[in-house]
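Notes to accompany the following structure.
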Ligand SMILES: C[S@@+](CC[C@H](N)C(=O)[O-])C[C@H]1O[C@@H](n2cnc3c(N)ncnc32)[C@H](O)[C@@H]1O
């Protein structure tokens with residue numbers, strides 16, 4: 001089994017995605033989506049950004065490596081009565097099912113960054129985008145002090161070293177790497193712009209309950225707990241993450257959690 005696929009089919013990412021809906025909609029509202037625009041959402045999960053794009057009238061294809069998330073996305077589109085949005089399985093490193101110049105807009109919010117072979121990912125995103133089209137990526141930033149970068153940093157310190165040749169997904173949060181990867185896909189630097197943006201996670205429970213959702217449903221965190229348990233450090237990992245979730249919570253309510261997280265927004269003109 002492809003380890004990248006296994007990681008994201010583990011658990012149930014839909015349970016985390018539920019906390020990301022408001023920011024997903026807000027981000028999509030800034031993308032200049034018009035009726036019948038052809039949009040590819042890459043690493044779309046269960047449709048946090050794909051569905052709002054379809055609600056604005058775009059023809060949306062969501063592609064994700066995890067079959068459970070593709071199924072969840074199609075079910076959500078059906079519930080919403082959206083006939084202009086469908087989801088299918090695919091790997092951002094190899095989109096051979098999709099033709100050249102097929103989309104006006106390729107969106108990938110914390111999606112394609114998790115695919116292996118980042119140079120292939122950049123090349124594929126450029127290949128399927130029409131000349132004059134755009135690519136917009138949201139990428140977590142290494143060493144950023146906010147939630148997701150810190151979860152991944154803490155988790156990796158409890159996990160065995162990655163296999164040789166592994167390229168960290170977080171490298172997509174470094175501007176020089178993004179420029180280099182798109183340059184190899186023949187997109188010059190002046191066609192790429194960067195901005196820091198914020199996604200806010202909203203959860204109807206305490207920060208510790210939100211952490212429990214990550215522990216139970218989010219593949220990368222599940223793996224970190226398993227690795228920590230194997231070395232007798234599970235309680236230590238839990239305490240460290242619990243401090244993180246509690247200290248980052250900005251909700252004044254005792255029964256709700258709201259955590260803003262910074263990401264790098266990458267816009268590419270093709
Ligand atoms: C953090 S989730 C984000 C999902 C969605 N974009 C959202 O904002 O809710 C990362 C997603 O990337 C998908 N993914 C990881 N590796 C992938 C790959 N190689 N090709 C396509 N999707 C991939 C995962 O299955 C997962 O749905």
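Of all residues in segment 110-157, which are in contact with a strand residue (DSSP E or B) (Cβ under 9 Å, 6 or more places away or on another chain) and on the phi > 0 side of the Ramachandran plot? Result: 110, 117, 132.
What residue, among those in segment 57-77 that are assigned to a strand (DSSP E or B) and within 12 Å of the ligand (Cβ to nearest atom), is farthest from residue 1 (Cα to Cα)? So, considering only residues that are assigned to a strand (DSSP E or B) and within 12 Å of the ligand (Cβ to nearest atom), the one farthest from residue 1 (Cα to Cα) is 62. Residue count for segment 83-93, restricted to those that are in a loop (DSSP other than H, G, I, E, B) and in contact with a strand residue (DSSP E or B) (Cβ under 8 Å, 6 or more places away or on another chain): 3.
Annotation note: of 80, 95, the sole residue that is more than 14 Å from the ligand (Cβ to nearest atom) and either closer than 19 Å to residue 1 by Cβ or over 14 Å from the mean Cα position of the chain (by Cα) (or both) is 80. Restricting attention to segment 252-270, the residues that are under 18 Å from the mean Cα position of the chain (by Cα) and within 30 Å of residue 183 (Cβ to Cβ) total 8. Residues in segment 114-128 that are near the ligand (Cβ under 8 Å from one of its atoms) and either surrounded by fewer than 20 Cβ atoms within 10 Å (Cβ to Cβ) or in a helix (DSSP H, G or I) (or both): 114, 116, 121. From the list 108, 96, pick out the single residue that is under 30 Å from residue 71 (Cα atoms) and assigned to a loop (DSSP other than H, G, I, E, B). The conditions single out 96. Candidates 21, 36: the one that is farther than 25 Å from residue 1 by Cβ and at pLDDT below 95 is 36.
Of the residues 212, 115, which single one is at pLDDT 95 or above and under 17 Å from the mean Cα position of the chain (by Cα)? On inspection, the qualifying residue turns out to be 115. Comparison of 131, 162, 145 shows that the only residue that is more than 16 Å from the ligand (Cβ to nearest atom) and farther than 26 Å from residue 62 by Cα is 145. For segment 12-56, the helices (runs of 4 or more DSSP H) that sit wholly inside it and include 3 or more residues that are in contact (Cβ under 8 Å) with a residue 24 or more places away in the chain and in contact with a strand residue (DSSP E or B) (Cβ under 6 Å, 6 or more places away or on another chain) are 50-55.
The values are calculated or read from the model by the stated rules, or taken from the named source; none is laboratory data. Everything numeric in this text was worked out from a predicted model, so none of it was measured. Ideal geometry is used to build each Cβ from the backbone, glycine not excepted, and the neighbour counts take in all protein chains shown.
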